[in-house]
Amino acid sequence: MASDLPPPAPGDAAGLYLDLLKRCLTNWLYPEVEAVLDPARPFDPGRRTEGLDWPPTAHTMVGRRRLDQLQRCVEAALREGVPGDLLEAGVWRGGAGILMRGVLRAYGVADRRVWLADSFAGLPPPDPARYPADAGLDLHRFPYLAVPEERVRENFRRYGLLDDRVVFLPGWFRGTLPAAPVGRLAVLRLDGDLYESTTDALVHLYPRVSAGGFVVVDDYGAVDACRQAVHDYRRAAGVADPVVAIDRSGVYWRKGG
């Protein structure tokens with residue numbers, strides 16, 4: 001099967017390891033298996049690169065471009081000494097968190113944690129009375145999006161990356177994030193889809209992002225409610241840092257200071 005992924009650039013062992021890790025997380029190695037599991041939706045390199053499909057076997061649906069950018073964010077935070085841990089709010093099968101933990105391992109960083117906040121039971125039903133933008137977003141009806149915590153733990157374990165540097169925060173964001181024992185953050189990645197989930201994460205976690213830290217929003221270009229939540233929070237909090245597109249869905253900005 002043809003692939004449009006570029007060959008890994010010559011470099012050190014860390015760079016080669018992280019390139020291979022991303023190929024595994026996106027199931028670039030065994031795409032023919034997906035054609036057997038779902039003949040109607042065979043592996044499409046372009047869609048997998050952009051994160052536009054719901055893969056049957058891959059450990060992330062983020063896509064290669066968003067994984068590349070997430071790696072660059074973590075590496076920049078490490079290189080420039082931005083203080084804090086890494087946190088993903090909305091982890092699905094754990095792929096983006098696995099990559100963040102892999103970056104820390106590749107560079108021998110032992111003083112930062114990867115926090116994983118998720119219900120591990122799918123998305124909450126929309127509450128249009130409180131959050132009108134979420135009306136009709138019935139993503140809670142998709143069992144495919146509900147990945148139990150033990151399965152995510154097992155995915156980390158299979159990559160050799162489950163250790164005490166990985167911390168799980170199970171439950172709805174509105175219940176877990178206000179009192180989460182999280183200090184400063186160097187990278188905050190949001191993948192909650194809904195206005196409610198995105199708002200909860202920003203309200204309770206953005207103040208903990210260090211100056212120079214990165215905020216990555218996965219669904220900004222794909223879900224109107226998510227984009228509105230970002231705009232509303234930034235306006236209310238006076239955030240003027242420019243929003244930068246990653247691909248058709250993901251964006252990020254760097255917190256000024």
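All of G175, G212, G221, G183 fail the test of being surrounded by fewer than 21 Cβ atoms within 10 Å (Cβ to Cβ), modelled with pLDDT of 95 or more and at positive phi, apart from G212. Residues in segment 63-91 that are farther than 23 Å from G212 by Cβ and not in a helix (DSSP H, G or I): G63, G90, V91. Figure legend. Inter-residue proximity from segment 11-34: first residues at positive phi, second residues of a type in the set (F, W, Y) and crowded, with 19+ Cβ neighbours inside 10 Å, beta-carbon distance below 7 Å, spacing 6+ or different chains. No pairs are indicated. Checked against the criterion of being touching a Ser or Thr at 6+ places or on another chain (Cβ under 7 Å) and in a helix (DSSP H, G or I), the candidates A96, A35 yield just one match: A96. Suppose the filter is in contact with a Pro (Cβ under 8 Å, 6 or more places away or on another chain) and closer than 20 Å to E196 by Cα; does D127 pass it? No, not satisfied.
Condition first: among the hydrophobic types (A, V, I, L, M, F, W, C) and surrounded by fewer than 21 Cβ atoms within 10 Å (Cβ to Cβ). Now tell me which residues in segment 224-250 satisfy that. Scanning segment 224-250 gives A236, A237, V239, A240, V243, V244, A245. Among the conditions (1) surrounded by 19 or more Cβ atoms within 10 Å (Cβ to Cβ); (2) over 29 Å from A201 (Cα atoms), the only one that P42 does not satisfy is (1).
So is R72 touching a helix residue (DSSP H, G or I) at 6+ places or on another chain (Cβ under 7 Å) and either of a type outside the set (A, V, I, L, M, F, W, C) or surrounded by fewer than 18 Cβ atoms within 10 Å (Cβ to Cβ) (or both) or not? Criteria not met by R72. Check whether at least one residue in segment 192-199 is more than 17 Å from Y131 (Cα to Cα), under 15 Å from the mean Cα position of the chain (by Cα) and at pLDDT 95 or above, and report yes or no. The answer is no, given that none of the residues of segment 192-199 is more than 17 Å from Y131 (Cα to Cα), under 15 Å from the mean Cα position of the chain (by Cα) and at pLDDT 95 or above. Against the test of being of a type in the set (A, V, I, L, M, F, W, C) and in contact with a Lys or Arg (Cβ under 6 Å, 6 or more places away or on another chain), the options V114, V62, V36 yield a single qualifying residue, V114. Look at A133 and say whether it is modelled with pLDDT of 95 or more, surrounded by fewer than 22 Cβ atoms within 10 Å (Cβ to Cβ), among the small types (G, A, S) and farther than 30 Å from G257 by Cα. Answer is yes for this residue. Listed conditions (1) touching a helix residue (DSSP H, G or I) at 6+ places or on another chain (Cβ under 7 Å); (2) in a loop (DSSP other than H, G, I, E, B); (3) within 23 Å of M100 (Cα to Cα) are all met by K22, apart from (2). Considering only segment 109-131, I want to know if a residue exists there that is part of a helix (DSSP H, G or I), over 19 Å from the mean Cα position of the chain (by Cα) and of a type outside the set (F, W, Y). Taking every residue of segment 109-131 in turn, none turns out to be part of a helix (DSSP H, G or I), over 19 Å from the mean Cα position of the chain (by Cα) and of a type outside the set (F, W, Y). Checking segment 12-30 against the condition returns no match, with no residue being of a type in the set (V, I, T) and modelled with pLDDT under 95. On the basis of being touching a residue at least 12 places away in the same chain (Cβ under 8 Å) and surrounded by fewer than 23 Cβ atoms within 10 Å (Cβ to Cβ), does E149 make the cut? Taking the combined requirement at face value, the residue satisfies it. Pairing each residue of segment 180-203 that is within 14 Å of F214 (Cβ to Cβ) with any residue that is surrounded by fewer than 24 Cβ atoms within 10 Å (Cβ to Cβ) and charged (D, E, K, R), provided the two are 6+ apart or on different chains, yields C-beta distances under 6 Å for R184/R208; L185/D85; L185/R208.
The values are calculated or read from the model by the stated rules, or taken from the named source; none is laboratory data. Treat the numbers as computed from the prediction; the structure is a model and nothing was measured. Glycine also receives a Cβ, built like all others from the backbone with ideal geometry; neighbour counts cover every protein chain displayed.
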